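What follows is a short report on a single structure.
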Amino acid sequence: SPNSCSLFTPILPLAHPIHRQTYAQWKYSMFVNTIFSRKRGRNLYLLPIGPFPETIINTEVARLRLWNFLKDFAAAFFLGLQVHILPEVPLDDIKCTKRVHKNTQQVQVLVGDIFPYLQKMCPPDGYSVIGVSWTDLYPSEDLNFVLGEASFVHHSAVISFGRFEPQLYKDGRKVRECGIETEDEKASMLVKLIKSLCHETCHLMGLSHCVFFQCLMNESSSMEQALQQPLFLCPVCLRKLQKICKFEIRERYGMLREMLLKCCESVECQYFVDSMKWLDQCLSFLDNDAERIS
């Protein structure tokens, strides 16, 4: 039987206090924010920003179209909030700065220009809107790319899962087309997509980067580092999310396990298998703890 100490790995040495966001600090900042902004709804909206390759449009995960799978996964992760999919909008409808990446010769979009548009697209009953794009994103002229970014001010975030992969490009030249990925590459795309979606959405709920434990909310400086981080929140970040979503932890873990099982049925991926094992340990700990209390 696992104990709580074995389920979460602390980051040592502990970061300087200026970089920490405790639950009390987060709660106070959210209280201050409610004074100066309108009350948010209980709905999350996903907004596809096209165009998308035909292979992505037809992608299915456990017999669910990709967008429906993302909707269901987000509904499990943010249990207590309702998740909806807005009609797809073309990138050309959004006034944003673009550039051509010097190595890949692919179009990139300045991520900060998208936030005002997303804010306008959020329905009145929405907590926030998250744009999902295939087009590559960049945060500033001096930086190469970004997988996703959130704006707490605009109550919106955007992620891109069309980030060029080494398998698509070699020495800056395209070596093959999208749509003939291997199973490993499809699994990697799915991991990256759901982790980026959940990470950036947590930022919209006021969660800063985590420095306490290995956690979904850890900061990453590379794609490799981002893919190695856990899919789940540490106890500190989980408590913040629970305050907003008002879920029961065991029920949430159970729903996430069901979603991961669907992932495992669709692609062979050790990351998903290991994540399910971790959830099983958590559920076992919660069950044993409940027995001791009763």
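The values are calculated or read from the model by the stated rules, or taken from the named source; none is laboratory data. Every value quoted in this text rests on a predicted model; they were computed, and no experiment measured them. Cβ atoms come from the backbone with ideal geometry, glycine included; neighbour counts cover every protein chain shown. The protein model used for the area step is the full one, side chains on, heavy atoms only, and it has no ligands, DNA or RNA in it. Shrake-Rupley method; radii C 1.70, N 1.55, O 1.52, S 1.80 Å.
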>> Suppose each label sits 7 Å from its Cα in the direction of the beta carbon; what would the R20-R63 distance come out to in nanometres?
In response: 4.9
> Between their Cα atoms, which of K71/K195; K192/K262; K71/K102; K120/K243; K98/K120; K39/K192 are more than 23 Å away from each other?
Replying inline: K71/K102; K120/K243; K39/K192
>> Given the whole protein assembly as supplied and a 1.4 Å probe, what does the accessible area of D184 come to in Å², nearest 10?
In response: 110
> So who's got an amide H within less than 5 Å of the one on S128, skipping anything under 5 residues away but keeping other chains? H placed 1.01 Å off N, in plane.
Replying inline: N43, Y45
> About its Cα centre, what dipole magnitude does the chain give when the only charges are +1 on Lys and Arg Cβ and -1 on Asp and Glu Cβ, stated in debye to the nearest 20?
Replying inline: 980
> Could you work out the helix-only [θ] at 222 nm for the chain, with each DSSP H run of four or more residues adding -39,500 (n - 2.57) and the total divided by the number of residues, to the nearest 500 deg cm²/dmol?
Replying inline: -13000 deg cm²/dmol
>> Which one, V153, V109, S275, projects farthest toward the positive side of the charge dipole computed for the chain from Cβ point charges (K/R +1, D/E -1)?
In response: V153
> Relative contact order for the range 1-115 using alpha-carbon pairs under 8 Å, separation at least 6, rounded to a whole percent?
Replying inline: 22
> What GluC sites (Glu not before Pro) in the range 1-93 are in a loop by DSSP, with at most 16 other Cβ atoms within 10 Å of the Cβ?
Replying inline: E88
> With each label point set 7 Å from Cα along the Cα-Cβ vector, what nm distance links Q82 and D125?
Replying inline: 0.4
>> Given an 8 Å cut-off on Cα distances and at least 6 residues of separation, report the relative contact order of the chain as a percent.
In response: 22
>> Under 10 Å, Cα contacts only: if you run a Gaussian network model on the chain, which one of L110, L207, L256 comes out with the highest mean-square fluctuation?
In response: L110
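For the range 218-294, which GluC sites (Glu not before Pro) are both in a DSSP coil and crowded by at most 15 other Cβ atoms within 10 Å?
Values: sites: E219, E224, E248, E251, E258, E265, E268, E291; in loops: E219, E248, E268.
Answer by residue number: E219, E248, E268.
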>> What distance in nm lies between label points placed 7 Å from Cα along the C-beta direction at R250 and R38?
In response: 4.0
> So which residue, out of V146, V32, V273, gets the largest mean-square fluctuation from a GNM of the chain using Cα contacts under 10 Å as springs?
Replying inline: V32
>> Tell me the net charge near G50. Cut-off is 12 Å between Cβ atoms, G50 excluded, with +1 for each Lys or Arg and -1 for each Asp or Glu.
In response: -4
> In the chain, which longest range has no trypsin sites (Lys or Arg not before Pro) that are both DSSP loop (not H, G, I, E or B) and surrounded by at most 11 other Cβ atoms within 10 Å?
Replying inline: 103-175
